Each structure stands twice: as structure tokens, then as C-alpha cells.
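**Q** Could you have a look at this structure, given as C-alpha cells, before my questions?
The values are calculated or read from the model by the stated rules, or taken from the named source; none is laboratory data. Note that the structure is a prediction, hence the values are computed from the model and not measured. Ideal geometry is used to build each Cβ from the backbone, glycine not excepted, and the neighbour counts take in all protein chains shown. The area values use the complete protein model at the heavy-atom level, side chains included, leaving out ligands, DNA and RNA. Shrake-Rupley method; radii C 1.70, N 1.55, O 1.52, S 1.80 Å.
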Amino acid sequence: FLMIRRPRRSTPKPSSAASDVYKRQSDDWVPPREYRIGQTNYPIMKLHCKGRVQTFVSPDCSYNVIVRNLRNATDSLLLNMYMLTNPFICDELVSLLRRNISVTLLLDDSPVGGMPDEEKFLLNRIKTNGGDIRFLKGYRYNFNHAKYLVIDNETVIVESCNWVQSGVPKNPTYGNREWGILVENKSLASIFLKLFYEDFNSDIYDIIEYNMPLLDSVDFYISREEYSGIYDPCFNSMILRGEFNVTPVFSPDNSYNAICNLIDSAEDSIYIEQLYIHLLWSDGSLNPFIRHLIDRVEKGVDVKVIMNYNANYNMSESIETKEYLEDHGVKVKFIPSNWSYFSNIHNKGIIVDDSSVFIGSINWGENSVKSNRETGVIIENKTIARYYTNVFLYDWNLSAPYTNVSISTSQQHGNTIYILSIFTMTFAIIARDWRRRRWT
């Protein structure tokens, strides 16, 4: 196999033939899995569980829920997290170690942009207090993008958020929109435990033992400022004790089929909140999740999609995705970071028929289902699903003075031409003035 991290290729809009590809039946498609040595291969498993479930969202209540459950730990914590730069949560992990509770961390060795000094500093704190830390290098999986923890071998927390200040903010007036869920059930915990130790196994070639030079506090300072914003938190966590169905979802093992099956089960509504949705995959074919959504629209299902819009990034692909979905009957809303209450819409959530909800780390891009280590859960319970429906509809109904300004590809191109024209004229004036000057 190839142990290469390939950059995602930019591709044009689908041709008319590619546009029709969504009409094929599900059994015409082969799950997009690239097997590599050492990868796991978990099938889809639906568990009927009894136990405690706690719902939470960022920025409203995620910090309090996570910290409270960390403080209730009595034996062990296993954490798989793409990025950890939140100093306040680091304090809690150090506190666990000082209470002789084992803390074991698995992280990505090279997140996009590289590992920040803040993370190195916090990991040094955890290591020097007795934490066991390893990194998953990008061979079995392009990125270790999972976000879950197991407390005392019986409680699982699955999230869309990294443990950074915008993901799990101490001050709930600031941060990303994220979803998370806690499930206290030994059957589910045993599956996540098995997955963790299979990924953490140092006998496999791509596990790196912690071996970083210490970042002395004299040389490095980490900000402990509690960022604040303009959001008025309005969602408390909810605790449910009872019965529910839960399906663990792992990439690249079963996420493709699990998500497609969830979409295909919809009879009335599908609500999706995503950081981004890629229109095409690397071979130029239409994103199959989009194809399944359009199939549901054609069967009369109400499909609403929220995506993040951040003007600091290149949003051309998200704009194309939005236009394509709208052309095929899907209702789409951007929530721009420059006016909304949230730093970003970083969520990766799906609600079907107000009765099933997916929560996890899986973005709607090809790498997320084919090549990354990702995790999530599908919970079937109307009370739980309704909690996230209320959050989704709150976000869907957000408005601001600039929401009536349409964002389109042509508008972006027009803005670019306008800016270039101003730049060219300014440069010409400066050049003419420079030629006329007498330099002394």
C-alpha cells in the first residue's frame, strides 16, 4: 500500500453525467475504503442499551459537562484527541494524575499547520505528572482526527470538538458551535476501549512514544485568558436514564455505510450541521452523501443544511456545494463567522426524523470516511434527538444585518476583479509619481 498523505485535488463542477450519478441505486456503489496494514475493520453494530445519557453543546455547556465528569473519575481516563491546547482542561488532567488516576492520551503527531507550542507545553505538563502519551503518525490513517474519551472503563464521551478554547470554552459566551454526548454503558465502552488500545498499540509501526524536549515556562508562556463573546448561552445539558439504541461509527471502518444508511432511513426530515461539505471526491465523482440527500429530497423529505462560512478562508468550494444542493431542492444556510455568535460552525451532526442523531468528528469530505481515524455514534431516541433538533433550529433561525446579502461564486469573482482594479490603478499612480520625483 502507499503510505502517502495525498493533498485533496481541486476538481471542476460535475458534468451533466456526473450530476446524474446520484440517481444510481445504493448497491451500485462500493464502500470507499482503502485498506492499509494495521487498520481496524469494525462492522456496523447496533446496540440496545440501558444507561445514562447526557447531551451537551458548545459553547453553552460543554466545558461544565466535561469537567464535572472528569472530576468524578475514580480509576482511569483514555483520551483520543486530534488537538489539545485548552489550559483549563489540562489543569483537570493534571489534577486526575495527582489523585493517582491513570491518564492515557493518543494524539495526532502532525495536525494541519503543525503541532503548536501551546500543545507541546501542555503535553509536557501532563507527561511530567505521570501521563502516558503517544502519537499516531499518518500511515495507517492520514490523520488521527477522532475526539472521544472513556472514563473508568464505562463512560464514553464523543464530540465534534477538539480540546481547544474555542471548542470547549470555559466562558460560554464565546466559542464554536459543537455537539457532544456522554453515554454511560459498559457494552459501548468496551467497544471504544478495544478501538483505543488497537490504535494505541506500540507494537505497530506508526505509534510514536512521547519524546519531546521540555518547554520551560521561562521560555514559553501560555495564555490563560478566558475568552468572552456576545453569545447568550441558552442550552443546558440534559440527562436521560433509560433505553436507547446506539451505533458506534468509525472511519474508515464503517462510517460510509453508517451515514448513508442513516440518510436513507429518513421519511420526514434531515437536518445537517457541518463545518464543510465537499461537492466532489478526488476522482471527480459527486460526493455520495450529497447523492443520498438528493434522493431523499426527491422522495419528499425536508432536508436542511447549515454550513460554516468564514471569510478568512477560501470558501469557493463551499459556495459551489451550496448552489448545487439548492439547485436540487436542499435548503442551505451559511452562518458566517463575521456576524454570528460563534467562532465557527465546527459541528458534524445529522438529525433524522427527529428521532435519530449522529454526533462525532466526521466532516463530509473524502478523507474523513476513507483515510482518517474518526469516531462517532448514532443514537436512536426521540428525547435525545429532540434536544439537538432544538439546537439546530435555533441556529437555522439566526439572523443578522448582513444575512440578506447573497454570497455567490459570481459575486466572489466580481469582488476579486474590483479589488484587482483598485490595486492596479493605485500602483499606476504611484509609479507615475515615482518617475516624476527628483531624489536627493
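**Q** Tell me the residue from G284, G242, G300 that is among the small types (G, A, S), surrounded by fewer than 17 Cβ atoms within 10 Å (Cβ to Cβ), more than 24 Å from R177 (Cβ to Cβ) and free of Cβ contacts under 8 Å to residues at least 24 places away in the same chain, please.
**A** Going through G284, G242, G300 in turn, just one is among the small types (G, A, S), surrounded by fewer than 17 Cβ atoms within 10 Å (Cβ to Cβ), more than 24 Å from R177 (Cβ to Cβ) and free of Cβ contacts under 8 Å to residues at least 24 places away in the same chain: G300.
**Q** Given the criteria within 22 Å of the chain's Cα centre (by Cα) and surrounded by fewer than 20 Cβ atoms within 10 Å (Cβ to Cβ), does S318 qualify?
**A** no
**Q** If you go through the range 68-92, how many residues are open to solvent by 10 Å² or more (accessible area, probe 1.4 Å) and under 24 Å from D117 (Cβ atoms)?
**A** Matching residues across the range 68-92 total 6.
**Q** Follow-up. Could you please find all residues in the range 123-175 being among the polar types (S, T, N, Q) and closer than 22 Å to Y221 by Cβ?
**A** N124, T128, N129, N162, Q165, S166, N171
**Q** If you take the residues in the range 264-296 that are aliphatic (A, V, I, L, M) and part of a helix (DSSP H, G or I), which one is farthest from H145 (Cα to Cα)?
**A** Checking each candidate, the answer is I294.
**Q** Now for a different question. Which of the numbered conditions does N124 fail, given that it passes all the others? Conditions: (1) in a helix (DSSP H, G or I); (2) open to solvent by 30 Å² or more (accessible area, probe 1.4 Å); (3) of a type in the set (S, T, N, Q).
**A** For N124, the exception is condition (2).
**Q** Another question, then. Is it the case that the range 93-104 has a residue that's at negative phi, touching an Asp or Glu at 6+ places or on another chain (Cβ under 6 Å) and modelled with pLDDT of 95 or more?
**A** yes
**Q** Look at V158 and say whether it is among the β-branched types (V, I, T), in contact (Cβ under 8 Å) with a residue 24 or more places away in the chain and within 27 Å of C49 (Cβ to Cβ).
**A** So V158 passes the test.
**Q** Something else about it: Considering each of N261, N236 in turn, give the residue that is assigned to a loop (DSSP other than H, G, I, E, B) and polar (S, T, N, Q).
**A** When all the criteria are applied, what remains is N236.
**Q** Out of the range 156-189, which residues are surrounded by fewer than 24 Cβ atoms within 10 Å (Cβ to Cβ), assigned to a loop (DSSP other than H, G, I, E, B) and touching a Ser or Thr at 6+ places or on another chain (Cβ under 6 Å)?
**A** The answer is V164, S166, N171, T173, Y174.
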